[in-house]
1. Select from segment A:10-32 the residues that are without any contact (Cβ under 8 Å) to a residue 12 or more places away in the chain and more than 14 Å from A:Ile55 (Cβ to Cβ) and list them in ascending order.
2. Pairs needed: first member in segment B:79-92, facing another protein chain (nearest Cβ under 7 Å) and buried (at least 24 other Cβ atoms within 10 Å of the Cβ); second member anywhere, part of a loop (DSSP other than H, G, I, E, B) and aromatic (Phe, Trp, Tyr); C-beta distance under 6 Å; at least 6 residues apart or different chains.
3. Counting only residues that are farther than 20 Å from B:Pro92 by Cβ and among the polar types (S, T, N, Q), give me the helices (runs of 4 or more DSSP H) lying completely in segment B:1-73 with at least 2 of them.
4. Could you tell me which numbered condition A:Asp60 fails, if it satisfies all but one of (1) within 22 Å of B:Thr75 (Cβ to Cβ); (2) more than 9 Å from every other protein chain (Cβ to nearest Cβ); (3) modelled with pLDDT under 90?
5. Of everything in segment A:29-58, what is under 30 Å from B:Thr49 (Cβ atoms) and either basic (Lys, Arg) or loosely packed, with under 14 Cβ neighbours inside 10 Å (or both)? Give them in sequence order.
6. Of all residues in segment B:39-78 being of a type in the set (S, T, N, Q) and more than 8 Å from chain A (Cβ to nearest Cβ), which is nearest to A:Ile55 (Cα to Cα)?
7. Looking only at segment B:1-40, count how many residues are farther than 17 Å from B:Leu84 by Cα and in contact (Cβ under 8 Å) with a residue 60 or more places away in the chain.
Amino acid sequence: MNALDSIRDVVARQVKDRFGDYPVVVQGSPEDPDSLWVQVFAVPEAQELAVTDLILDLQDTVSPDCSVLLLPMVKTLEVTRKYYPHYLSSEPIQSTDHVFRFLHQRQTGNYGIATGVHATNTLSESFIAGLGMRYNSWVGKWSKPLRPTEKLAAATEELATAA
Amino acid sequence: MREKSDENWRVGTECLENGDLNVACSRIYYAVFQAALAWARTKKGFADTSGSVHSAICRLISREGGAARVRDCRTYSQLQGLRLTADYQPDPPSGAMLERLLLASDTMRQEYLKKAQ
């Protein structure tokens, strides 16, 4: 693996670690072999600046002299829905928050946040009940599952099987 | 280069007011690029004319040091990302992001035009 590939991996991983909900694609620029487009999709408008700032901060970490240049290209949810819809339906579960969101969408019918809609539709009612979580509509929050890590693994497995 | 930079800036900001984001982004980027290019040519002996010239300018800025280096590199990278979106991708660049960058872009542009003299 060369230096460029390794920077590409580090950038993708760091963005995933901080904003795991959003699909990330890091690719070379057609104008310059040492510039990387850092594309992050399905970002809520309120997070657009935070994601951009993270990419700019990473520049100082991975290549402070800009020998490899990171170019932030952050796509909001609205833009992703209209121009890159394929990034909204094939997203794997990456965190407990994902499961919470799927279940929230399933129970409330609110698909305002489009990420994970496909996955939501594959969860069975019995499985949702089995997670032992309840949605409190008064406060708009899910209770925590009893054993989050095991439950998350089981959720991931069920979704993979259903797909 | 000042005339070109000024013209691009004027057209870019007019297009931004009209909501023509692709053109606005491209012109505003080039207004800043031409100011930085003028400085690079007159003060750094910069002669690159390849497709990599846009990123090469950012690398030159980053090696300058000084308090404004971080601000200028960040502004330029973001503008370049928006311009590449306008040039190569199906979606328009973010108008909100471009609005946020206006002040820093004009400051940077004016400073590099001054430094180029």
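1. Hits for segment A:10-32 are A:Pro30, A:Glu31.
2. Between residues of segment B:79-92 that are facing another protein chain (nearest Cβ under 7 Å) and buried (at least 24 other Cβ atoms within 10 Å of the Cβ) and residues that are part of a loop (DSSP other than H, G, I, E, B) and aromatic (Phe, Trp, Tyr), there is no close pair.
3. Once the helices (runs of 4 or more DSSP H) in segment B:1-73 are filtered for at least 2 residues that are farther than 20 Å from B:Pro92 by Cβ and among the polar types (S, T, N, Q), what remains is B:21-44, B:53-62.
4. The one condition A:Asp60 does not meet is (2).
5. Correct list: A:Pro30, A:Pro33.
6. B:Thr75
7. Of the residues in that region, 10 qualify.
The values are calculated or read from the model by the stated rules, or taken from the named source; none is laboratory data. Computed from a predicted structure; not experimentally measured. Every residue, glycine among them, receives a Cβ derived from its backbone with ideal geometry; neighbour counts consider all protein chains shown.
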